[in-house]
Amino acid sequence: MSNETIISVSRENRIFRPSAEFQRQANLGNQATYKKLYAESVNNPERFWRTQALKELVWRKPFRDVLKWSPPHAKWFAGGKLNVAENCLDRHMGTARENKAAIIFEGEPGDVRTITYRQLLFHVNRLAHVFENLGIVAGDRVAIYLPMVPEAIIAMLACARIGAVHTVVFGGFSAEALKDRINDCKARLVITADGGWRRGKVVELKATVDKALEGAPSVQTVLVLRRCKNAVHMHNGRDVWWHEAWEGAPNRHEAKAFDSEHPLYILYTSGSTGKPKGVLHTSAGYLLGAKLSAYYVFDLKENDRYFCTADIGWVTGHSYVVYGLLSNGATVFIYEGAPNQPEPDRLWRMIDRHGITILYTAPTAIRAFMRWGDNYVLRHRLDSLRLLGSVGEPINPEAWMWYYTLIGKKRCPIVDTWWQTETGSIMITPLPGVTPLKPGSGTLPFFGAAPKIVDDEGREVPRNTGGKLVITKPWPSMLRTLWGDDARFRKAYWSPLLGNGDCYITGDGARQDKDGYFWIVGRIDDVLNVSGHRIGTAEIESALVSHHAVAEAAAVGKPDDLKGQSLVVFVTLKAGLQPCDKLKEELRAHVGKEIGPIAKPDQIRFTAALPKTRSGKIMRRILKEIAAGGEVKGDTTTLEDFSVVTSLIANEE
Ligand code: WT7
């Protein structure tokens with residue numbers, strides 16, 4: 001895409017400075033200290049990260065080298081050994097945190113559980129024994145398909161404790177999607193629940209697993225948590241109840257030490273082509289990035305109660321529910337269900353009920369709250385809140401102001417944090433005690449992050465010019481590769497196209513303003529971002545084409561006030577078939593089944609043909625313009641047949 005198309009049109013110029021009160025108590029409250037530390041972190045990264053790694057992590061064996069960089073492969077803290085679960089749990093034993101709440105959980109029906117650090121360690125230890133009894137060893141892959149309940153965190157940490165590699169699959173994904181992910185990483189064990197609560201109904205997770213496993217031969221055991229007590233079918237010799245396996249397992253578990261670069265988890269994220277990408281994160285560098293950023297960005301204090309609304313199935317749940325927060329000894333609040341169950345004020349009710357101090361959520365959620373109406377917010381005090389966060393997509397200034405005024409009562413700074421599944425931890429963000437905020441901007445880089453905006457040739461662009469956002473230096477929590485596909489890793493993120501082989505390409509378009517603030521303007525490839533979740537067009541298209549009536553399909557995003565983007569699909573039918581509303585409904589249901597409800601198209605448009613290049617590639621850029629209802633302005637010279645565009649516009653819906 002040419003740079004012209006990613007020039008930002010934002011004219012936002014309001015500035016909000018941290019209050020003296022917030023600044024005084026902040027973990028980092030001095031602008032000069034941020035500048036000094038940031039400069040050291042990028043000018044002398046080895047010294048900076050050596051100091052941080054020694055200070056922040058518990059090592060079993062000291063590392064030799066801070067960084068071995070053979071682009072695009074990084075090894076951080078080579079020679080060192082540690083245990084990630086020990087760094088999140090055991091380290092707090094014998095300190096004031098031992099009996100502090102690690103997790104406060106509220107289920108959708110209203111059930112509440114508090115689990116202290118000591119209790120969490122017991123749970124994790126016992127589950128680690130269960131895994132070992134099932135024959136799971138270090139390096140084995142374990143798929144976790146659970147609702148947002150404490151056991152999801154326990155399962156992740158028990159994997160980390162024995163060196164097994166977890167891959168958490170969002171509980172809203174379909175059997176197909178689950179099967180593909182299990183098969184890609186050849187998981188031996190699947191951990192699931194009978195069901196989870198969502199909008200007053202039971203989501204039957206175990207039944208979905210049963211279906212997925214019809215085509216996933218690597219799986220030997222399914223460990224089943226009892227949550228909703230719905231009826232499930234237990235397969236003899238394969239399925240084991242969590243509570244039965246847990247019975248009699250010892251409370252203590254000797255944690256082995258693993259190499260700094262031992263794989264910690266694989267998390268699948270959509271690419272623009274083909275199957276989802278299995279982003280691989282390893283141990284020490286990842287944990288350090290998550291821990292340090294959580295401490296400074298969320299300004300964590302001993303008595304904070306931190307609530308992140310992200311599901312454990314997304315990277316936000318990994319870094320900023322589990323690893324970054326528990327390693328800091330924080331109290332994390334998690335909620336199982338929908339934000340509008342039983343009423344659209346559920347979040348605000350829970351914030352008052354549990355005295356939540358920090359709220360981290362996504363712009364798509366904020367826009368939903370706005371739509372539901374201020375009255376649901378105004379019923380509640382929200383006076384425990386002191387800091388707000390946003391993640392997942394650009395937050396539009398209007399939503400920022402609503403969040404700031406109605407939720408934060410103009411008292412709470414907002415940290416708009418830019419990062420990706422691949423970066424592992426926050427890269428561009430305000431530090432709440434020092435950074436003046438501009439609504440809609442992620443502001444400035446975090447320690448160790450070296451972002452730059454370049455043109456198609458890799459040259460840095462002047463301020464206020466749109467371009468590609470790249471990262472010019474390796475950082476500890478960066479992805480190490482794509483599981484089983486290092487060639488794709490190189491190709492997707494390190495294209496020599498930029499003439500600078502060791503630049504990481506984020507895939508986002510952005511600009512920097514005169515103050516050096518970063519403004520993200522969206523993805524530059526075809527990946528859709530619906531409600532804060534990246535969905536590849538190819539995944540949706542292949543799901544559509546798997547329906548017997550469909551010949552060809554193209555998916556594009558259309559700007560949407562609520563979801564960021566809504567999903568419009570253009571579909572050509574097989575010869576002789578007639579478009580009808582019944583078929584539209586069938587296709588929506590079909591995509592829901594193949595990928596999951598979040599990928600259901602908002603609009604389906606039947607068309608006789610799709611605009612294509614001469615080499616046969618669908619031109620989604622043109623479809624995007626048509627979907628948005630505008631005229632086709634971009635270059636159409638590579639188009640095979642312009643009459644296709646004319647008839648698409650004529651068939652405006
Ligand atoms: C993409 C990464 C990071 C966890 C959630 C999503 C977009 C993310 C922001 C932000 C503007 C953002 C980018 C990025 N994005 N945060 N604060 N401002 N855009 O993780 O699924 O890996 O998606 O989300 O486009 O590349 P992900």
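Just so it is clear, none of the values below were taken in a lab; they were calculated from the coordinates. None of these values were measured; they are calculated from a predicted model. Here the Cβ is made from the backbone with ideal geometry for all residues, glycine too, and neighbour counts use every protein chain on show.
Tabulated data
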{"quantity": "Least to most buried among Phe642, Phe518 (fewest other Cβ within 10 Å first)", "calculated": "Phe642, Phe518"}
{"quantity": "Cα-based shape type of the chain, given that a ≥ b ≥ c are square roots of the gyration tensor eigenvalues and the cut on a/c is 1.5", "calculated": "rounded"}
{"quantity": "The range 243-316-the range 56-134 distance, computed between alpha-carbon centres (Å)", "calculated": "9 Å"}
{"quantity": "Using alpha carbons only: equivalent-ellipsoid semi-axes of the range 1-122, gyration tensor based, whole Å", "calculated": "33, 28, 20"}
{"quantity": "Dipole of the range 527-650, positive end: most advanced residue of Ala627, Ala609, Gly596 [Cβ charges, Cα centre]", "calculated": "Gly596"}
{"quantity": "Karplus-derived HN-Hα couplings along the range 561-570 (A = 6.51, B = -1.76, C = 1.60, θ = phi - 60°), whole Hz, x at Gly and Pro", "calculated": "4, 8, 9, x, 9, 9, 9, 10, 10, 9"}
{"quantity": "Of Lys206/Lys593; Lys179/Lys491; Lys491/Lys558; Lys438/Lys514; Lys574/Lys633, pairs whose Cα-Cα distance is over 19 Å", "calculated": "Lys179/Lys491; Lys491/Lys558; Lys574/Lys633"}
{"quantity": "Residues His243, His123 arranged by fewest to most Cβ contacts within 10 Å", "calculated": "His243, His123"}
{"quantity": "Principal semi-axes in Å for the range 117-256 [√(5λ), Cα gyration tensor, largest first]", "calculated": "22, 17, 13"}
{"quantity": "Among 24-32, 427-435, 346-354, 75-83, the order from most to least packed when residues are scored by Cβ within 10 Å on average", "calculated": "427-435, 75-83, 346-354, 24-32"}
{"quantity": "Karplus-derived 3J(HN,Hα), 6.51/-1.76/1.60, for each residue of the range 199-209, Hz, glycine and proline x", "calculated": "6, x, 10, 8, 8, 7, 5, 4, 4, 5, 4"}
{"quantity": "Set of lysines with alpha-carbon distance to Lys61 below 26 Å, sequence-local pairs under 8 removed", "calculated": "Lys75, Lys81, Lys256, Lys291"}
{"quantity": "Local electrostatic count at Thr331 - Lys and Arg +1, Asp and Glu -1, tallied over other residues with Cβ under 15 Å", "calculated": "+3"}
{"quantity": "Fewest-first ranking of Asp455, Asp184, using other Cβ atoms within 10 Å as the exposure measure", "calculated": "Asp455, Asp184"}
{"quantity": "Among 222-228, 418-424, the order from most to least packed when residues are scored by Cβ within 10 Å on average", "calculated": "418-424, 222-228"}
{"quantity": "Binned Cα-Cα distances of the range 342-483, short to long, each 5 Å bin given as a whole percent", "calculated": "2, 9, 16, 19, 17, 14, 9, 7, 5, 2, 0"}
{"quantity": "The range 266-334: mean projected area of Cα convex hull, nm²", "calculated": "5.0 nm²"}
{"quantity": "MRE, 222 nm, helices only [DSSP H, n ≥ 4, -39500 (n - 2.57), over the chain, to nearest 500]", "calculated": "-8000 deg cm²/dmol"}
{"quantity": "Net charge dipole size for the chain [Lys, Arg +1 and Asp, Glu -1 on Cβ; Debye, nearest 20]", "calculated": "1380 debye"}
{"quantity": "In Hz, Karplus ³J(HN,Hα) per residue of the range 548-555 (6.51, -1.76, 1.60; θ = phi - 60°; x = Gly, Pro)", "calculated": "4, 7, 9, 8, 8, 8, 9, 10"}
{"quantity": "Order by protection proxy (mean Cβ within 10 Å, highest first), peptides 282-291, 89-98", "calculated": "282-291, 89-98"}
{"quantity": "Cα gyration tensor shape of the range 95-139, rounded if a/c is under 1.5, else prolate or oblate by comparing a/b with b/c", "calculated": "oblate"}
{"quantity": "Anisotropy class of the range 527-650 from Cα gyration tensor, a/c 1.5 cut", "calculated": "oblate"}
